[in-house]
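What follows is a short report on a single structure.
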2 protein chains.
Amino acid sequence: MADQSNYYDIVVVGAGPVGLMLSTCLARWGYKIKHIDNRSEPTEKGRADGIQPRSMDLLRNMGLKPAIMANKPCRVYEVAFWDPSKDGKGLERTGTWASCPRFIDARYPYTTLLHQGYIERVFIEDMNKHGAHVQRPWTITGFESDESSNPEYPVTVNLEHIDGSAKETVRAKYLFGGEGARSFIRNQLKISVRHKDPIAYVWGVMDGVVRTDFPDIKMKCTIHSEHGSIMVIPRENDMVRLYIQIASSTDKNFNPRATASESEVQAAAKKILAPYFIEWEAVDWFSVYPIGQGIADRYTLDERVFIGGDACHTHSPKAGQGMNTAFLDAHNLAWKIHAVEKGFARRDLLKTYESERRHVAENLLDFDNRYAKLFSQRPPAAGEVRAASSSDSSDNEFIKTFKASCEFTSGYGVAYTPNALNWSSEHPARSLLIHPAGTKLRTGRIMINANVTRITDSNPVHLEQEIPLNGSFRIFIFAGNLEKTRDALRDLSKGLSHKKSFYTAYKRSDIDSVSWFERHNPHSHFFTLATIFASLRRDVEIARDVPEPMSRYRDSIYADDQSDDMVPNSRASAHEKMGLCPENGGVVVVRPDGYVGIVVKLEPGPETVSALNQYFASFCTKDVGGLASQL
Amino acid sequence: MADQSNYYDIVVVGAGPVGLMLSTCLARWGYKIKHIDNRSEPTEKGRADGIQPRSMDLLRNMGLKPAIMANKPCRVYEVAFWDPSKDGKGLERTGTWASCPRFIDARYPYTTLLHQGYIERVFIEDMNKHGAHVQRPWTITGFESDESSNPEYPVTVNLEHIDGSAKETVRAKYLFGGEGARSFIRNQLKISVRHKDPIAYVWGVMDGVVRTDFPDIKMKCTIHSEHGSIMVIPRENDMVRLYIQIASSTDKNFNPRATASESEVQAAAKKILAPYFIEWEAVDWFSVYPIGQGIADRYTLDERVFIGGDACHTHSPKAGQGMNTAFLDAHNLAWKIHAVEKGFARRDLLKTYESERRHVAENLLDFDNRYAKLFSQRPPAAGEVRAASSSDSSDNEFIKTFKASCEFTSGYGVAYTPNALNWSSEHPARSLLIHPAGTKLRTGRIMINANVTRITDSNPVHLEQEIPLNGSFRIFIFAGNLEKTRDALRDLSKGLSHKKSFYTAYKRSDIDSVSWFERHNPHSHFFTLATIFASLRRDVEIARDVPEPMSRYRDSIYADDQSDDMVPNSRASAHEKMGLCPENGGVVVVRPDGYVGIVVKLEPGPETVSALNQYFASFCTKDVGGLASQL
């Protein structure tokens, strides 16, 4: 075998949020990564800083939430709106509302604000633990992708130290461009960027420590005054970020190189905030930059060279979506590369990275426009705020738009459209057991949060977090009433154990040497099972009630016996929140990134596993299923 | 001035839980500490490992909870009881119950199990950040305490490297012995240890990684079989601790040096657990040791040399109280030393260390006896378990004992008896405003947990955690209905601002240079104020509704608008849980260690501050109060 030292699974260019998320995931799953960045150090100051509720779910699922929280970020629960007061003498608060209202049912209903550099360091430390490192300051000078020359490592990448003192040429299975809005890789691929909103803006942004008597300085605020508008974002360490729009391309004499000094921006802020005072004790970062809405036409040309994050989409910083969308771009791609490279999914699964993520970016840009307009029209009335925070559905147009905005900014609005992964009535899986009446789970949407009690140790846990980011599909078996579902569980057991089932077809080759303590992947690297009974914890005995293979996942067996404010009088709140029958249960397949793939009835007989086989057969590499007659 | 390099505020001997807690507190408050330990390294294996709910409150209040949790400890929510099955063929579970039932209303209703070495390291890292270090392996060889020779540094301590290669003599204001059951300092002081229970026991304890099909291996279990009894305690990293009683002094031929080999204990455990199998993959620690119940007659002779932790009290390991009692010993002493040394409290406050903590130890030993007997009599019936978990008070004797046990083991049962700090009708403070009818707060008991919303940033917070361990008394001003209490708040403001009030009499000498961002101690090192309105957050405007000095504590002003399951239909759940009127409020003084000192009505006029002056005058150094006529 030739020298493999310059062969990599992937070359990642750019160590911002998108590149770091991608490397962090792949490093955990054992991939060999070349990661470069053209800066000498992680981000020192400024840049993105808002982690949305959905991103926090993901960071928790990766075990990174404590490291983020150790930096003592700000948490924003409410947004306040300020306008000129009616007496013309200053400002008044016209309303406040929850940044992530209760109807969203987020596990972490707040925006976490922390300097991007701290966030980058959390990822870098985790990557390092798994043997991946960022090589700095290095840049990419060229690349070529050619499957015919080397089908396994089709990508050749030329790298160079920023001062030209050293060069490397490496071969890789994949190349990823997370280099930001001016992506070299995107440009080389001649992928053009289209602008949905023709208006460009120049923004000033300032991070600093301020003394002020403005009462909402620790909340996210939008302040309109006759002297202009600013947005206030509280930050860690008594800092505050102020955004000021300096110019837009609708202005006469618009110049995208428009500029303003630090003191000019401070003077403007003082005027806008009057009669409140504001003084800067220190300015941590100040920048003025032009930004337009743009979206890349393609995210890849050949499913070998990909781009993501700001290389694919740019938009205003107001809704705090940049870093969050970048995280989810990378996350979406990471598990798909894993599924393909480990031989589970067919290569064309990688096409869904662009189709899913580009659709989200389109929505983001639409939203960015609507969001700006929503507040420029009129402030919401108090009754509308209350209505918008409830889960009542008799809403007027304003409230509907607002609710959609909240879902979107929280990250819970991401909805992947139907494809092989996200079942719909167009999917090749046609079993009548699929998507039973009543289910509240929507394919392509995040699984609903629920509290349950783990059987083995009686710990109350967050069900949606119980399976960590391990690259596996999560099969949640809601087993209903254990007296009623005994036969269905037995037949599920039989069906899963059949050698042509999706589950057994991909069993680990080293299955005989797997540790007794392996919790999530004892049988397969592609599936983790969890079983939830609509019973009290003390009424479930694993040895008596749970057949193999579910019983082997002994720390992923739960009692649905916790109360939940969202379904106050429910006896089995997790079943009820999912819209699954607490007597008969149901099987929920959740993609490795947490989005619902398919929901199937749990019934005695071979049909439940058959429906699951149909689903996986639509994208996996082996001929699974066709088992109905053999059970 | 002579060379001060060998002068210390305190010499602490022993770096177990009690010594480390003491140094960690005092280091944060700026004291110069000489801390020695005769071991070369922190505890490597074994020893104590259970952090009770009350101790977790304290660790959280010190900001140390995340560092503890980063070690991924086990959490025990339930205790299971196993007895020989009725058919004589094996074991059966006779019941399970919550280790910290709902009626206790603990913030963290579980026991956290983690190897003592990890816990020690969390303290050591925190001490190091504040400039204090443990000098190892050094021991104490002698000491003398003589106020006449040096009133400021009366204690002379001789220290020596364990190998005799180096010696030091240092002078200190205080000496603390946290050296464990065989305390040199206690022995030198000729303080005797009395044994309440004449029975001594020999225990075997084994930490190991086990494979077993025993279903409750991840819960705390007491298992009785015809072959003997064991106690199971789950641990981090798939470990399990087993306790086996090997002999007691009621046995014929009792020998306190009784011993058993690792394999003998394993063989015994296998017999007891049959028909379940158990196999050890690894043994981390194994020890056999005799232990008796003992309590030191005194904790100090002159309030200069103190002892705490195991040096003062020893008992069986079953209820997991050793480390927790040690934490609270140290915590109790730390703030009292601080209050005396900084000139706030009279020196005789230090006498309350022994009176308060020795009383708790007496209760602990009584409890240790009762706890053992409770379960040897009979297992509880299911109905009794349910009743015991509710807050219903129509209980039989068994349930009463059980409830008291749960309170005790959770750490919430600690009740300091009346003295200058813990108001009672015998206290010199006699104002009729004290202890208003209806209050549910009990002096000498921990403050009740409550959720409120911080005004400045809309964050929902844990009120009892909002003021960190800063050595200050916590003055919680429950301000009721802001329309009703406007006059009372104005008069409270006036009273506090009077130069002879307890509050202003101890104002900081550097008050003019205090930072805008100082949150908890802008005026005084001895008091932190917090104000809670029985209103919705949006109805409170600090500038309009909160007078000085309360308004200066701008991040400690709250709306009592969060719901609480313990008082489901309440409009102001924090007020209601405390038993304070949601219209008129009340003032609660909480000691620096979290125990309630006094509750006073909030009324217009001078009497509220006058009652508080009376309280503090009973132990502070200045002549505060006597202000009624001057307001």
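Some notes on this structure:
- Label-point spacing for B:ARG121 across the identical copies (point 7 Å from Cα in the Cβ direction), in nm and ascending order: 2.0.
- For residues of B:327-337, the mean tally of beta carbons on other chains within 10 Å: 0
- Applying a DSSP loop filter and a limit of 11 other Cβ atoms within 10 Å to the trypsin sites (Lys or Arg not before Pro) in segment B:67-97 leaves B:LYS86, B:LYS89.
- Residue-span extension gain [A:GLU281 to A:ILE511] - 0.36 nm each, minus C-alpha spacing: 76.7 nm
- Across the cross-link table entries A:LYS577/A:LYS601; B:LYS89/B:LYS271; B:LYS45/B:LYS270; A:LYS484/A:LYS601; B:LYS45/B:LYS129; A:LYS218/B:LYS494, which are compared at the Cα atoms, the separations over 19 Å belong to B:LYS45/B:LYS270; B:LYS45/B:LYS129; A:LYS218/B:LYS494.
- Under the combined filter of DSSP loop state and at most 14 neighbouring Cβ atoms within 10 Å, segment A:275-332 retains these chymotrypsin sites (Phe, Trp or Tyr not before Pro): A:PHE277.
- Rounded to 5, the percent of DSSP beta bridges in the protein assembly as shown classed as antiparallel: 75 percent
- Taking GluC sites (Glu not before Pro) as exposed when DSSP calls them loop and at most 13 other C-beta atoms lie within 10 angstrom, chain B has its longest site-free stretch at B:227-425.
- For chain B, share of DSSP beta bridges that run antiparallel, in % to the nearest 5: 75 percent
- Between the beta carbons of A:GLU44 and A:LYS167, assuming R0 = 35 Å, the FRET efficiency works out to 0.80 to the nearest 0.05.
- DSSP-assigned coil residues among trypsin sites (Lys or Arg not before Pro) in segment A:420-504, each with at most 13 further Cβ atoms within 10 Å: A:ARG430, A:LYS440, A:LYS499
- Evaluated with a Cβ-only charge set (Lys, Arg +1; Asp, Glu -1), segment B:200-290 carries a dipole of roughly 280 debye about its Cα centre, given to the nearest 20.
- Cβ charges +1 (Lys, Arg) and -1 (Asp, Glu), total dipole of segment B:551-612, debye: 220 debye
- Cα gyration tensor category, rounded, prolate or oblate, for the protein assembly as shown with a/c compared to 1.5: oblate
- Other-chain or far-sequence residues with amide H under 5 Å of B:ASP561's (modelled H): B:THR453
- Calculated FRET value between A:ASP366 and A:LYS72, using beta carbons and R₀ = 41 Å, to 0.05: 0.70
- Phi-derived couplings, Karplus 6.51 cos²θ - 1.76 cosθ + 1.60 at θ = phi - 60°, listed residue by residue for segment A:563-574: 7, 9, 4, 6, 9, x, 9, 7, 7, 9, 5, 5 Hz, with x used for Gly and Pro.
- The ellipsoid equivalent to the alpha-carbon distribution of chain A has semi-axes of 43, 32, 21 angstrom, derived from the gyration tensor eigenvalues as √(5λ) and listed largest first.
- Spin-label model, B:ARG102/A:LYS351: points 7 Å from Cα along the beta carbon direction are separated by 5.4 nm.
- Magnitude of the charge dipole, chain B, Cβ model with Lys/Arg +1 and Asp/Glu -1, debye to 20: 580 debye
- Here the Karplus relation 6.51 cos²θ - 1.76 cosθ + 1.60, evaluated at θ = phi - 60°, turns the backbone of segment B:440-449 into coupling constants of 9, 6, 10, 5, x, 10, 4, 5, 6, 5 Hz, with x for every Gly and Pro.
- For segment B:192-201, 3J(HN,Hα) per residue [Karplus equation, 6.51 cos²θ - 1.76 cosθ + 1.60, θ = phi - 60°, Hz, x = Gly/Pro]: 8, 10, 9, 9, 6, 9, x, 7, 9, 10
- The mean number of partner chain beta-carbon atoms within 10 angstrom of a residue's beta-carbon across peptide B:538-547 is 2.
- Residues whose amide H falls under 5 Å from that of A:VAL12, counting only those 5 or more places apart or on a different chain, are A:LYS34, A:HIS35, A:ILE36, A:PHE176, with hydrogens built in the peptide plane.
- Cβ-Cβ FRET estimate between A:SER263 and A:ASP297, R0 fixed at 35 Å, reported to 0.05: 0.25
- Shortest-first distances to equivalent copies, position B:LYS89, nm, label 7 Å out along Cβ: 8.8
- Number of partner chain Cβ atoms within 10 Å, mean per residue of B:212-219: 4
- Amide proton proximity set for B:THR94, modelled H, under 5 Å, gap of 5+: B:PHE81, B:TRP82, B:ASP83
- Think of segment A:252-366 as having a plus end and a minus end, set by charges on the Cβ of Lys, Arg, Asp and Glu; of A:ILE295, A:PRO256, A:GLY343, A:GLY343 sits farthest toward the positive end of this dipole.
Any read-out appearing in this document is the output of simple, stated calculations on the displayed coordinates, not a laboratory observation. In this text the structure is predicted, and so the values were computed from the model without any measurement. Neighbour counts are summed over all protein chains in view; Cβ atoms, including those assigned to glycine, are modelled from backbone coordinates with ideal geometry.
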